[in-house]
Amino acid sequence: PNNNVCSIVKGSKFRIPIPDHLQLVLNACNEDNPGKNADYIPELRDADSNKLGVAVSTVDGYLYTAGDVDIEFSIQSISKAFVYALAIEEHGLEYVLTRVGVEPSGEAFNELSLEQDTCRPLNPMINAGAITTHTLIGKKDTTYEERAEMVRKGLSKFAGRELTVDENVYDSEMKHAFRNLAIANMLRNYNVFDLDPKKVVEGYTRQCAVNVTAKDLAVMAAVLANSGVQPVTGERVVRPETVRQTLSVMMTCGMYDGAGDWVTQIGFPAKSGVAGGIIGALPGQVGIATFSPKLDKHGNSLRGVRICKRLSDDMGLHIM
Ligand code: DON
């Protein structure tokens, strides 16, 4: 098989080389640049909003790219999917489900969105759920610093390289983290966890400030597409059952209150971050990543969603 044509993707209508196709899609989605950078984190507000990139990694480790795919930006909420997977690996699904649910909230990512009777956060993709998932990494006696480091290392395994924390993004977000601190305090109030809410938010914010490129994200998504095996290093990062759980929650909750539009129009599991990244994973086929900082009203990268829509249409990626 020729690994250089779009038709490696099942259902693709195109037989032109993937890199050419990606550049074509990028150009088509770059006619204007609406939306706005995340404004509640100064470092992100001031980021260069012209950057645009797309990367596709096959499950056997071929990487295809166009545009700005080597620029580092913070992973932000995309980390939530991977840390959820790491938490399930560590404690098993049954336990994780007692702490965080799997129902879409239909609300913005930074709403409290707790389940009425149990007070669990509705799902792990919103801030309340992800702050809780962060606490699940490590043992009882793990320090807050060790936990943040375990998360960074875990994310690095998915990427297949040592990822670093952007200290400027971390400081910038912590200075304005009033809302996440409020959420963490509410979670502590309901005994969703029994740790220090401020320390937990610091750890979670470090998790969000881990730097990645679009290339990294495509490969990380390809680990999910590849049932948990890193396509380049060959290492099993998480089990297939864990991947199934993670991709399922991404499918229903990964794009927040834009999830319905996303699933119907684009149709593969995905996760976005406020720095402008989006990942998508097609089980058994490819991991996809886009980067464009300006966001739509849900907090999803606007040109990123466009690119994914175009790729989904052209390459027949909608799973239905
Ligand atoms: O906690 C926050 O608000 C950010 N660190 C992450 C939010 C985020 O990425 C939402 N995504 N689109």
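Readers should treat all values here as calculations from the given coordinates under stated rules, not as data from a laboratory. Computed from a predicted structure; not experimentally measured. Positions of Cβ are backbone-derived with ideal geometry, glycine not excepted, and every protein chain shown enters the neighbour counts.
Some observations on this one:
- Check: segment 78-208 dipole with +1 on Lys, Arg Cβ and -1 on Asp, Glu Cβ, in debye: 140
- Look at the Cα gyration tensor of segment 43-145: its axes a ≥ b ≥ c give a/c of at least 1.5 with a/b over b/c, and that counts as prolate.
- Dividing the helix sum by the residues of the chain, where each DSSP H run of 4 or more adds -39500 (n - 2.57), gives a mean residue ellipticity at 222 nm of -13000 deg cm²/dmol.
- Near the amide H of S301, within less than 5 Å, lie the amide hydrogens of G273, D296, all on another chain or at least 5 residues away, with H placed in the peptide plane.
- When you filter the trypsin sites (Lys or Arg not before Pro) in segment 238-304 for DSSP loop state and at most 14 other Cβ atoms inside 10 Å of their Cβ, you are left with K297.
- Among the GluC sites (Glu not before Pro) in segment 142-205, those placed in a DSSP loop whose Cβ has at most 14 other Cβ atoms within 10 Å are E162.
- The HN-Hα couplings worked out from phi for segment 176-187 by the Karplus form 6.51 cos²θ - 1.76 cosθ + 1.60 (θ = phi - 60°) are 10, 8, 4, 5, 5, 5, 5, 4, 4, 5, 5, 4 Hz, whole numbers, x standing for Gly and Pro.
- 5 angstrom amide H check on S227, placed H, neighbours 5+ away: G284
- Structural descriptor for segment 66-145: relative contact order 30 percent, calculated from alpha carbon pairs under 8 angstrom and at least 6 residues apart.
- Once the chain from N189 to D117 is taken as fully extended at 0.36 nm per residue, the excess over their C-alpha distance is 24.5 nm.
- Calculated from backbone phi, Karplus (6.51, -1.76, 1.60) coupling profile of segment 128-135 in Hz, x at Gly/Pro: 4, x, 6, 4, 5, 4, 4, 5
- The label-point distance for K140 and D48, in a model that sets each label 7 Å from Cα toward Cβ, rounds to 5.1 nm.
- Full extension of the chain between E31 and R239 gives 70.8 nm of extra length, using 0.36 nm per residue less the Cα-Cα distance.
- Ordered by the number of other Cβ atoms lying within 10 Å of each residue's own Cβ, fewest first, D117, D261, D46 fall into the sequence D117, D46, D261.
- Between H91 and A182, the contour length at 0.36 nm per residue exceeds the alpha carbon distance by 30.1 nm.
- Cross-link table K153/K309; K36/K199; K215/K309; K51/K271, entries beyond 28 Å C-alpha to C-alpha: K153/K309; K36/K199
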